[in-house]
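This structure is in structure tokens; I'll ask about it shortly.
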Amino acid sequence: MSANIFQTKHTCPWWLCKAFDNPLRRIVHNPEKILAPFARPGDTVLDIGCGMGYFTLALAQLVSEEGRVIAADLQAEMLEGLRQRASRDGLLERITLHRSEPTHIGVSGPVDFALAFWMVHEVRDQRTFMQEILGLLHSGGQFLLVEPRGHVSGKAFDDTVSLALKIGFKIGSNPEVRLSWASLLTK
């Protein structure tokens, strides 16, 4: 097994993230609408594979000044883009930027909510990855797993959810997210 259990040769390059992070995307993926049921004022939340902060900034608004968002990504360029955007929007004080290692996310818990949006298919060792997330969540904590339809087959998504159940997650619900497979998992 490779030491790079999270990173694959298919990790989305930082320069391509700008294509996913644009105003037109809000028509399909409105971050506030998707995340409002899961992130509350005062919560500590984890955005895994945060990119340049498309969902991170919305999470920072939702957790309010009392909460905290941990934004984790493998690529320094993504985190720098997020830092600039969060600073511009006055949200940087609520966000902890964390550069993950290829072998682990590497943050401390507990967290109330974790998000992995369109990135788990890039993870080489999903079992180890999800065990780390499970360990970060407090009892009753939630993990929203969202993968892109078309790029990820329904069977592959079902296999990922089945793996999550085997390691100890429980199914919370299957929220509707456009163009996506989605499952809310609980600890």
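The values are calculated or read from the model by the stated rules, or taken from the named source; none is laboratory data. Note that the structure is a prediction, hence the values are computed from the model and not measured. Backbone-built Cβ (ideal geometry, glycine too); neighbour counts: all protein chains shown.
State whether the residues of segment 129-141 include one that is under 16 Å from Cys50 (Cα atoms) and surrounded by 16 or more Cβ atoms within 10 Å (Cβ to Cβ).
Yes - at least one qualifying residue is present in segment 129-141.
Of the numbered conditions (1) in contact with a helix residue (DSSP H, G or I) (Cβ under 8 Å, 6 or more places away or on another chain); (2) more than 27 Å from Ser139 (Cβ to Cβ); (3) surrounded by fewer than 17 Cβ atoms within 10 Å (Cβ to Cβ); (4) modelled with pLDDT of 95 or more, Gly42 satisfies every one except a single condition; which is it?
If we test Gly42 against (1) in contact with a helix residue (DSSP H, G or I) (Cβ under 8 Å, 6 or more places away or on another chain); (2) more than 27 Å from Ser139 (Cβ to Cβ); (3) surrounded by fewer than 17 Cβ atoms within 10 Å (Cβ to Cβ); (4) modelled with pLDDT of 95 or more, just (2) comes out false.
Test of understanding: among Glu65, Glu77, which residue is within 21 Å of Thr103 (Cα to Cα) and either β-branched (Val, Ile, Thr) or surrounded by fewer than 20 Cβ atoms within 10 Å (Cβ to Cβ) (or both)?
Glu77
Can you name the residue in segment 163-178 that is out of contact with any Pro (no Cβ under 8 Å at 6 or more places or on another chain) and assigned to a loop (DSSP other than H, G, I, E, B) and, of all such residues, is surrounded by the fewest Cβ atoms within 10 Å (Cβ to Cβ)?
Filtering first and then ranking leaves Glu176.
Scanning for something more than 30 Å from Gly150 (Cα to Cα), touching a residue at least 40 places away in the same chain (Cβ under 8 Å) and in a loop (DSSP other than H, G, I, E, B), does segment 93-108 turn up at least one residue?
There is at least one residue in segment 93-108 that is more than 30 Å from Gly150 (Cα to Cα), touching a residue at least 40 places away in the same chain (Cβ under 8 Å) and in a loop (DSSP other than H, G, I, E, B).
Quick one: Met78 ticks every box in (1) out of contact with any helix residue (DSSP H, G or I) (no Cβ under 8 Å at 6 or more places or on another chain); (2) modelled with pLDDT under 95; (3) not polar (S, T, N, Q) bar one, so which box is it?
It is condition (1) that Met78 fails.
Write out, first by first residue and then by second, each pair whose Cβ atoms fall under 8 Å of each other, whose residues are 6+ apart or on separate chains, and whose first residue, in segment 130-157, is at positive phi and assigned to a strand (DSSP E or B) while the second is surrounded by fewer than 22 Cβ atoms within 10 Å (Cβ to Cβ) and modelled with pLDDT of 95 or more.
Gly140/Thr186; Gly140/Lys187
To keep it simple, each residue is scored yes or no on (1) in contact with a Lys or Arg (Cβ under 8 Å, 6 or more places away or on another chain); (2) at pLDDT below 95.
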| residue | (1), (2) |
| --- | --- |
| Pro102 | no, yes |
| Val111 | no, no |
| Arg124 | no, yes |
| Met130 | no, no |
| Ser139 | yes, no |
| His151 | no, yes |
| Ser173 | no, yes |
| Thr186 | yes, no |
